[in-house]
Amino acid sequence: MKQMILLCCCLAGVYTVTAQQEDSIRRTTIEEVQIQAKRAEGVSRMSGAVGGLNIGQDELFRAACCNLGESFVTNPSVDVNYNDAAVGARQIKLLGLSGEYVQMLGEGLPASTGTTMPYTLGYVPGAWMKSLSVSKGAASVKNGPQSITGQINVEYLKPEDEPGVSVNLYGDSRLKTEGNAMATIHLNKHLNTVLLGHYEHDFGHHDDNGDLWHDSPAIRQLHLQNRWKYAKGRYIMHAGAGYLQEEREGGQMLTVTNPFRVLLNARRAEAYMKHAILLNRNHNTNIALLANGFLYQLDGTFGPKLYNVDQRNINSRLVLEHNFNDDHSISTGLSLNVDCLDETLTFGQRPLTTEYTPGAYAEYTYTPSYRLTMMGGLRVDYSSLYDRTYLTPRLHLKWVPDDHVTLRAATGKGYRTPHAVAEHHYLLASGRTLVTDNILPQEEAWNSGLTALFYIPVGEKNIQLNAEYWYTDFQHQAVVDYDSNPTRITISDLNGRSFSHTAQVDASCDVTEELNLLAAIRYNHVRCTYGSELLEKPLQSRYKGLFTVSWKPMMSIWQVDLTLAINGGGRMPKPYTLADGTPSWDEEFPAYPQINLQLTREFRHFSVYIGGENLTNYRQPNPIFNAGTPWNADFEPTLIWGPVHGAMFYAGIRIN
């Protein structure tokens with residue numbers, strides 16, 4: 001690419017000299033010359049004070065990437081696991097903690113709260129995503145106080161992207177089919193739109209381990225979105241709306257007499273808008289109004305238990321940003337979040353929960369040179385539900401002592417309002433009694449971290465070596481307790497200590513222009529007080545090892561992607577003694593390996609891919625405890641620590 005650009009420049013220069021020499025004979029006018037280069041769309045490091053990764057489409061397409069939950073296969077920092085074997089809820093784990101402590105954003109706007117959290121990863125089709133950004137720790141205060149362990153922001157395909165139509169079709173050996181269609185239309189030079197459509201359907205009812213239960217629920221989902229952009233002069237507007245409908249069918253096979261059924265029917269309508277006016281180009285002074293909201297309804301059947309919920313959420317922000325000069329900039333704004341949950345359970349109506357949270361923030365960035373960046377933020381919020389005002393401070397430092405070394409330090413506080421049943425309603429599939437307070441105290445935690453990035457020259461290439469350490473300490477936490485009582489699952493406020501230590505080292509290198517390697521190791525040390533004991537968090541792997549290979553031979557016409565992962569063992573909830581004197585389950589679960597492989601062939605206007613996941617065919621033995629007696633109190637399908645189904649093969653085509 002560099003050689004091509006140099007050749008174009010040389011030819012342009014020669015042409016200019018020749019034209020000047022022949023000016024007396026004839027005059028030639030070149031109206032416009034464009035030299036274009038394609039930007040790398042793999043993985044890049046965030047350049048600001050807040051560290052993290054930007055993940056482009058090229059990296060996302062290294063796996064099937066049917067949805068957001070499958071986008072982290074090659075990422076060493078983020079784990080995605082099933083929460084249970086009944087409803088197929090999947091959740092991110094970051095810094096050794098559950099996904100509710102990660103703030104999920106869609107184009108910088110809050111994406112999920114409350115009831116939607118267990119299924120958010122399945123609500124974002126992979127083909128719709130243009131890129132992802134993943135930051136760890138307490139991130140910017142702009143988006144609210146919720147981020148404790150990190151932020152994940154999804155950037156969708158843009159209305160201003162090149163006009164055209166793209167289609168993605170997918171099918172796998174488990175009889176899941178999926179279709180995506182995306183169309184970008186430029187109506188005029190000011191107004192653009194993009195239409196997004198997604199449909200998936202699981203036709204199979206699989207029971208690989210013969211326990212007469214679905215290994216994972218059959219899902220049927222329809223998702224539509226329409227996004228717009230209008231830009232004229234100093235004014236820019238983004239707006240859009242979407243609708244999702246999903247059905248999940250799990251539980252025992254229908255061949256069983258009086259089967260234990262798990263049925264979920266969800267409907268979600270959403271809309272967003274962004275208005276921005278550039279007041280001063282020289283100082284990048286702009287004012288913006290951002291707002292989004294959703295309506296979500298879920299009707300759930302968990303054997304004999306019913307759970308219905310209506311959730312309504314509106315979030316809005318008024319933002320002013322200004323650069324005083326190259327060294328000093330500020331962002332400040334006002335926010336209002338309104339969240340309302342109306343829940344009904346088999347055993348009664350839960351109190352209607354409505355929370356109004358007005359807030360204000362200011363974030364100052366000082367950059368005296370390219371080697372030093374300091375960003376400090378403070379926001380103040382008031383919760384009507386708790387009738388309290390609270391402060392959220394955050395500080396980020398970046399120092400580049402040498403062109404081959406980048407150091408970062410971060411610390412900050414985070415708060416979030418827990419919704420015990422809404423966020424953990426999959427626990428209703430358990431035979432145990434779910435016990436929780438109607439309103440739990442706000443969760444509150446400090447998070448601090450150190451990262452060091454080294455660029456190590458090896459010949460003409462660089463090895464990127466990244467080392468990091470993060471510590472999270474909770475003052476209040478909604479604790480899911482399996483240990484204190486074998487007949488109950490209790491969700492209550494922390495009564496003692498809860499913390500996590502996470503250390504990670506990863507290295508990546510472009511060995512050649514065709515071959516990229518990544519290796520990583522991560523260790524988690526997570527403790528929480530259950531009852532009166534400080535114990536290791538159950539169902540959490542202590543370590544993870546990851547090795548990936550991406551090979552693009554023959555000028556990237558072919559691409560081979562291989563991912564090897566080792567997931568470390570961990571603690572199970574305390575077993576109890578059965579009638580025959582044996583323990584209900586082992587005290588520990590073992591480490592297990594996973595291998596994923598994908599082969600892609602690029603053509604001019606389309607690409608074809610085939611692959612396999614979990615090629616080791618490793619499955620958690622007996623993921624459902626007492627699967628034959630689901631109507632009893634000792635039935636337990638929620639103790640999931642590993643894969644619930646074996647090897648899976650898939651194929652697909654992407655048409656542009």
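Just so it is clear, none of the values below were taken in a lab; they were calculated from the coordinates. From a predicted model like this one, the values you see are computed outputs, not experimental measurements. Counting neighbours? That spans all protein chains shown, and the Cβs are built from the backbone with ideal geometry, glycine included.
Okay, here's what the table says:
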item	result
Reduced Cα scattering model of the range 43-655, Debye log10 I(q)/I(0), q = 0.08, 0.09 Å⁻¹	-0.57, -0.74
Built amide H within the under 5 Å cut-off of V43, gap 5+	G56
Expected 222 nm ellipticity per residue - DSSP helices of 4 or more, -39500 (n - 2.57), all of the chain, to 500	-1500 deg cm²/dmol
Surrounding net charge for F203, when Lys and Arg each add one and Asp and Glu each subtract one, Cβ distance under 10 Å	+2
Within-10-Å neighbourhood charge of D172 [Cβ basis; K, R +1; D, E -1]	-1
Rg(Cα)/(2.2 N^0.38 Å) for the range 186-290, N = residue count	1.77
Cβ crowding within 10 Å averaged over residues, with 231-237, 643-649 ranked highest first	643-649, 231-237
Calculated FRET value between I595 and D634, using beta carbons and R₀ = 35 Å, to 0.05	0.50
Span from the the range 502-575 Cα centroid across to the the range 339-387 one, whole angstrom	31 Å
For the range 167-184, 3J(HN,Hα) per residue [Karplus equation, 6.51 cos²θ - 1.76 cosθ + 1.60, θ = phi - 60°, Hz, x = Gly/Pro]	9, 10, 10, 9, x, 9, 6, 9, 6, 8, 10, 8, x, 10, 9, 10, 10, 10
Using θ = phi - 60° and Karplus 6.51 cos²θ - 1.76 cosθ + 1.60, couplings along the range 459-466 (whole Hz; Gly, Pro as x)	x, 8, 10, 10, 8, 8, 10, 10
Nonlocal amide H pairs with H476, under 5 Å, H built at 1.01 Å	E444
Karplus-derived HN-Hα couplings along the range 430-438 (A = 6.51, B = -1.76, C = 1.60, θ = phi - 60°), whole Hz, x at Gly and Pro	6, x, 5, 7, 8, 10, 7, 6, 5
Ranking of I640, I624 by count of other Cβ atoms within 10 Å, fewest first	I640, I624
Per DSSP, loop chymotrypsin sites (Phe, Trp or Tyr not before Pro) in the range 293-387 with at most 12 further Cβ within 10 Å	F324, F347, Y370
At R0 = 25 Å, FRET efficiency that the Cβ-Cβ distance of K461 and Y523 yields, to 0.05	0.35
Which of W128, W228 has the fewest Cβ neighbours within 10 Å, and the rest in rising order	W228, W128
Placed amide H near M253: partners under 5 Å, 5+ positions off or other chain	W213, H214
Between 0 and 90°, nearest 10: helix 2-21 axis offset from the chain longest Cα axis	20 degrees
Exposure proxy ranking, count of Cβ atoms within 10 Å, fewest first, for W446, W631	W631, W446
